């Protein structure tokens, strides 16, 4: 039983509407739905088809349509009915995406519509609460994603893709950058040793950094994101607070995405590593000074 009070609170929490439809794709009831969203369901035969294909009976099915997320609930509903939550988007859409959205559904220029925004983790928490409300079953996020993986082509194809990529690597032999060199970089950051970090970065070695995307710029950005992530963890081990290190990483990664050339990404990535090393170093220096002052005050002269 889907109670009115509960659904009203969920709409406020995860910013989504709920649509109950029958086996003929006819609307039965809606909650928090704007009129224009009802039109989307009528005009989107592909989505309705996917909704029926996604009905499995025992868990919420998460569907993607471009940048929009939908969830299908069937367990706990009346026989022949399913409930669809959505659409929501992970973040605000660009002007170009909104225009494509309007064109796709034949919307008039006067019809202003922007899908609701809800961070994915919060949306998934809401999905789990709705499932519990409908069925009385407690499901974790890990269980939800494990059950949903069969609906995503990249996940299903992962083993075959891994085999293909490894085979291609064997056919075109070449070495990756040394693991030990990477460890030296991270150890330098952890110790706050900027000079040692510079030496590690300047090391000459046989092998190359892996290719992480077809587009060179995208590949270099992916490498930079990985480097910044590892540096943030090394800094935490070196004494930087988790919140400070993670917040810095968030800022740096967002800045990486705004860069438009490979050399700029490389320079930015290295400066990010130096930033973390200096942060650890300044923290160590402050700690030593604090201990010095504290120790001096405790002596009897």
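Each reported figure results from applying straightforward, stated rules to the coordinates on display, with no laboratory input. Quick caveat: nothing in here was measured; it's all calculated off a predicted structure. Cβ: placed from backbone, ideal geometry, glycine included. Neighbour counts: every protein chain shown.
Listed values, structure above:
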read-out: Residue 5-residue 94 FRET efficiency (beta carbon distance; Förster radius 35 Å; 0.05 resolution); value: 0.45
read-out: Ranked by how many other beta carbons lie within 10 Å on average, peptides 144-156, 266-278 from highest; value: 266-278, 144-156
read-out: Linear extension gain, residue 150 paired with residue 246, 0.36 nm per residue minus alpha-carbon span; value: 31.3 nm
read-out: Per-residue Cβ neighbour rank within 10 angstrom, fewest leading, 79, 184; value: 79, 184
read-out: Proxy reagent accessibility, fewest Cβ within 10 Å first, across 246, 73; value: 246, 73
read-out: Least to most buried among 93, 129 (fewest other Cβ within 10 Å first); value: 129, 93
read-out: Efficiency of FRET between residue 143 and residue 102 - r from beta-carbon atoms, R0 51 angstrom, step 0.05; value: 0.85
read-out: Over segment 204-276, volume per residue of the alpha carbon convex hull, in Å³; value: 95
read-out: Segments 135-143, 25-33, 232-240, 118-126 sorted - mean Cβ within 10 Å per residue, highest first; value: 232-240, 118-126, 25-33, 135-143
read-out: Computed E for residue 160/residue 202 - FRET, C-beta separation, R0 25 angstrom, nearest 0.05; value: 0.05
read-out: Protection-proxy order for peptides 16-23, 97-104, each taking the mean of Cβ atoms within 10 Å per residue, highest first; value: 16-23, 97-104
